[in-house]
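S.K.: Okay, handing you the structure first.
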């Protein structure tokens, strides 16, 4: 289904950690959005043509609003321009885009919900909507700025790893799994490629069904430009080579489908 650009109204914005911002917007995209999808956000600077893909953190269908939590990546970047905006401003967006997490498949099972870095936010709506046998939420951070941690604690058992050991397990999310003796039947994960590569290896070694949300730079966000592809075992009908478009075919993939 083709998506149209709309001018969303910013309802609120705040900085919730160093360089991490939380923004609520009123948008028609909320009516169809699902956990794991994203929106393309445009600046109001006409010289910047390409949008920034931002994962959906929370969905409120009742009042047609979405929450995005994003990291500012440098001065005079698109994300830095977003961070200057305030309630009442309008921002052009397209969405919802991509395929989300097939979380209903985990009904009645033990589940890992895993996020690392800026891959943490898209796991929040998943944690809210998922109904399963045992929900274990494992989050990886750099340091003690564990943004969204308190919100996750409402929806399941939370385990945290930090690179500097300031909170929870010292190390990464896999270290937290080992230290706490955790087990799962299904994994849903989003985060940087090294983290997802380790989760994929762990899942396949232990015969665990695993869904990964891949992070990648995107240009068009709708599957036309082939700028955001990942290697796959099967040929893509669009390009006829062994890859898939992360924006269109993903960003969520079964771990056994992709090479990362």
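S.K.: Can you tell me how much longer the chain between residue 9 and residue 49 gets when fully stretched, taken as 0.36 nm per residue apart minus their C-alpha distance, in nm with one decimal?
M.R.: Going from the current span to full extension adds 12.4 nm.
S.K.: Report the gain in length on full extension from residue 150 to residue 84: 0.36 nm times residue separation, minus Cα-Cα distance, nm rounded to one decimal. Walk me through the numbers on the way to the answer.
M.R.: Numbers: separation 66, 0.36 × 66 = 23.76 nm, distance 2.56 nm.
Using 0.36 nm per residue and subtracting the Cα-Cα distance, I get 21.2 nm.
S.K.: Report the FRET efficiency, 1/(1 + (r/R0)^6), for residue 166 and residue 197, where r is their Cβ-Cβ distance and R0 is 35 Å, rounded to 0.05.
M.R.: FRET efficiency, residue 166 to residue 197: 0.90.
S.K.: Please identify, among 195, 15, 23, the residue showing maximal mean-square fluctuation in a Gaussian network model of the chain using a 10 angstrom Cα cutoff.
M.R.: With Cα springs under 10 Å in the chain, the top fluctuation among 195, 15, 23 is at 15.
S.K.: Ranked by Cβ crowding within 10 angstrom, fewest neighbours first, how are 210, 190 ordered?
M.R.: So the residues, fewest neighbours to most, are 210, 190.
S.K.: Modelling each spin label as a point 7 Å along the Cα-to-Cβ direction, I'd like the residue 142/residue 254 distance in nm, to one decimal.
M.R.: 3.6
S.K.: Measuring from label point to label point, each 7 Å out along Cα→Cβ, what is the residue 71 to residue 32 span in nm?
M.R.: According to this spin-label approximation, the distance is 3.0 nm.
S.K.: Let me ask something else about it. Okay, helix-only estimate at 222 nm for the chain: each DSSP H run of n ≥ 4 adds -39500 (n - 2.57), divide by all residues, round to 500 deg cm²/dmol; what do you get?
M.R.: Using -39500 (n - 2.57) per qualifying helix, the result is -4000 deg cm²/dmol.
S.K.: For the chain, what is the Kirkwood estimate of the hydrodynamic radius, computed as the reciprocal of the mean inverse distance between distinct Cα atoms, to one decimal in Å? Don't skip to the end; give the middle numbers.
M.R.: Values: mean 1/r = 0.0537 Å⁻¹.
Every distinct Cα pair counted, the radius reaches 18.6 Å.
Only the coordinates and a few stated rules stand behind these numbers; no lab work does. As the structure is a computational prediction, the values presented were derived from the model and not from experiment. Cβ sites come from the backbone with ideal geometry, for glycine too, and all protein chains shown count toward neighbours.
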